[in-house]
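Visitor: Take this structure first; my questions come after.
Throughout, read-outs are computed from the coordinates displayed, never taken from laboratory work. Quick caveat: nothing in here was measured; it's all calculated off a predicted structure. Cβ: placed from backbone, ideal geometry, glycine included. Neighbour counts: every protein chain shown.
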Amino acid sequence: MSERAPEALLWDFLRGAMTTQALAVVCDLGVPSALAGGPRHVDDLARETGVDADALHRVLRALASDGIFAEREARVFANTVASDVAGTEAWKSFAHLFGGVFYGALEDLAEAVRNGKTTFAERFGAEYWLWLASHPEERSEFDRAMGGRNDRSAERLAAVEWRDDEVVVDVGGGNGSLLLGLLRRKPNLRGIVFDLPETNRDEASFPDRLEFVAGDFFERAPRGDTYLLSGILHDWDDERAAAICRTIRAAASPDARLLIAESVIPAGNEPEGAKWLDLLMLVLAGGRERTEPEWRELLGSTGFEVEQIESGLIQARCR
């Protein structure tokens, strides 16, 4: 397989801002859902969504050139496999976030590189989590995006060995979708979703074996047998990530374990999405993605011993 021309590679990086915005626009307009029934003329889509037909055609044409949508005939567009996925709830929310608040935060990447610190509060007037709390619609988008990736995580967690009637605490568990997925696969477990009270959730849908407990994971955590951290520690720098781990360690039973569903950055130059997500964490909340040595250092310094580590699932136990 021949290497790409350097100019082509550079162009893909330079146009990244446009691709992000174009996908966010069509997802916010609901175009993938509007095409779920089959191909439609751009004029119909424009009338339905209340936008300019020529401008919408130009956006769809650009996206179709990279496999998101397909122009079946002049000005008639259909979904592709990629745009079908873009129409799902979680991916619509991801597109909204990356085209909105995340996009704005990344405008200050140069400043973050200069000083090594998060820049979010300078632009938005509050730290990211406080900003989310004061913007409930954005909080809902965030919870939907995070919840959408949980089915695969639940499948992976279900493959771990479990005891009957084990109490599983999902720390920062959001809308509870991860624990719901795990409990469906492991009906003998009991679960606690632990998160801030403003988290968007539907407690009426929770089974008897699952409850929501409101609280701040920097201050306390419910007592349990197994603790889950799914996409939580990468939001924080080492000092605050260690504080979360110590809070859990203080609440945990002596033989409790900790399961962390996060990336482990590999060495070398192979493509790895977490290396890019790491830049978002830098500007958004001062967090970071971590390598295996960094994970071992963090957990070892907070009272845990790593038993198994692989990207997507780190298993540790109280020591």
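Visitor: Quick check on the range 198-319: what does the Kirkwood estimate of hydrodynamic radius come out to from the alpha carbon pairs, in Å? It would help to have the intermediate numbers written out before the result.
Guide: Details: mean 1/r = 0.0649 Å⁻¹.
The Cα-based Kirkwood calculation yields 15.4 Å.
Visitor: Could you pull out every one of the aspartates and glutamates with an alpha carbon less than 20 Å from that of K186, ignoring same-chain neighbours closer than 8 positions?
Guide: Within the straight-line cut-off, K186 pairs with D151, E155, E161, D164, D165, E166, D170, E203, D208, E211, D225.
Visitor: Report the local net charge at K92: Lys and Arg +1, Asp and Glu -1, summed over other residues whose C-beta lies under 10 Å from its C-beta.
Guide: On the way: positive: R144; negative: D28, E89, E141.
So the surrounding residues net to -2.
Visitor: Measure of size requested: the Rg and Dmax of the range 6-87, with Cα atoms as the atom set and Å as the unit; please supply both.
Guide: When restricted to the Cα atoms of the range 6-87, Rg and Dmax are 12.6, 41 Å.
Visitor: Rounded to the nearest 5, what % of the DSSP beta bridges within the chain are antiparallel ones? Don't skip to the end; give the middle numbers.
Guide: Working: 15 of 35 bridges.
Close to 45 percent.
Visitor: Now, a different point. Please report how far the C-alpha centroid of the range 212-247 lies from that of the range 260-319, rounded to the nearest whole angstrom.
Guide: Spelled out, the Cα-based centre of one part sits 15 Å from the other.
Visitor: Let me ask another. Tell me what the chain gives for mean residue ellipticity at 222 nm when only DSSP H runs of n ≥ 4 count, each as -39,500 (n - 2.57), the sum divided by the residue total, rounded to 500 deg cm²/dmol. Intermediate values should be presented prior to the final figure.
Guide: Details: 17 runs with 154 residues, N = 319.
Dividing the helical sum by the residues of the chain leaves -13500 deg cm²/dmol.
Visitor: May I have the convex hull volume per residue, in Å³, for the Cα set of the chain? Mind dumping the intermediate values first?
Guide: Working: hull volume 54.1 nm³, N = 319.
Taking only Cα atoms, the chain has a hull volume of 170 Å³ per residue.
Visitor: Also: Report the gain in length on full extension from A110 to S134: 0.36 nm times residue separation, minus Cα-Cα distance, nm rounded to one decimal.
Guide: 6.0 nm
Visitor: Put +1 on the Cβ of every Lys and Arg and -1 on every Asp and Glu Cβ in the chain; which of V85, V51, F102 then has its Cα farthest towards the positive end of the dipole?
Guide: V85
Visitor: I've got another one for you. What fraction of the DSSP beta bridges in the range 145-318 is antiparallel, stated in percent and rounded to the nearest 5?
Guide: Numbers: 10 of 30 bridges.
DSSP beta bridges in the range 145-318 are roughly 35 percent antiparallel.
Visitor: Using a simple spin-label model with points 7 Å from Cα along the Cα→Cβ vector, what separation in nm is obtained for S205 and A158?
Guide: Modelled inter-label distance: 1.7 nm.
Visitor: Given the convex hull of the Cα atoms of the range 118-271, what is a quarter of its surface area in nm²?
Guide: Working: hull surface 42.6 nm².
Convex hull of Cα atoms, orientation-averaged projection: 10.6 nm².
Visitor: What length, rounded to one decimal in nm, is gained on full extension from A250 through to N269, with 0.36 nm per residue of separation minus their alpha-carbon distance? Could the numbers behind the result be given before it?
Guide: Numbers: separation 19, 0.36 × 19 = 6.84 nm, distance 3.87 nm.
Length gained, A250 through N269: 3.0 nm.
Visitor: Another one. Can you tell me which of 307-313, 184-190 comes out highest on packing, and rank the rest after it, using the mean Cβ neighbours within 10 Å? Let's see the in-between values first.
Guide: Numbers: 307-313: 12.7, 184-190: 15.0.
Most protected by this proxy first, the peptides run 184-190, 307-313.
Visitor: Residues of the range 38-76 with amide nitrogen under 15 Å from the 7 Å Cα-to-Cβ point of R4?
Guide: Backbone N within reach: 65-68.
Visitor: R184 to D28: extension gain in nm, 0.36 nm per residue of separation minus the Cα-Cα distance? Don't skip to the answer; put the middle values down first.
Guide: Values: separation 156, 0.36 × 156 = 56.16 nm, distance 3.16 nm.
The span from R184 to D28 would gain 53.0 nm if fully extended.
Visitor: Near K275, which lysines are there with a Cα under 28 Å away, not counting those fewer than 8 places off in the same chain?
Guide: Within the straight-line limit of under 28 Å, K275 reaches these lysines: K92, K117.
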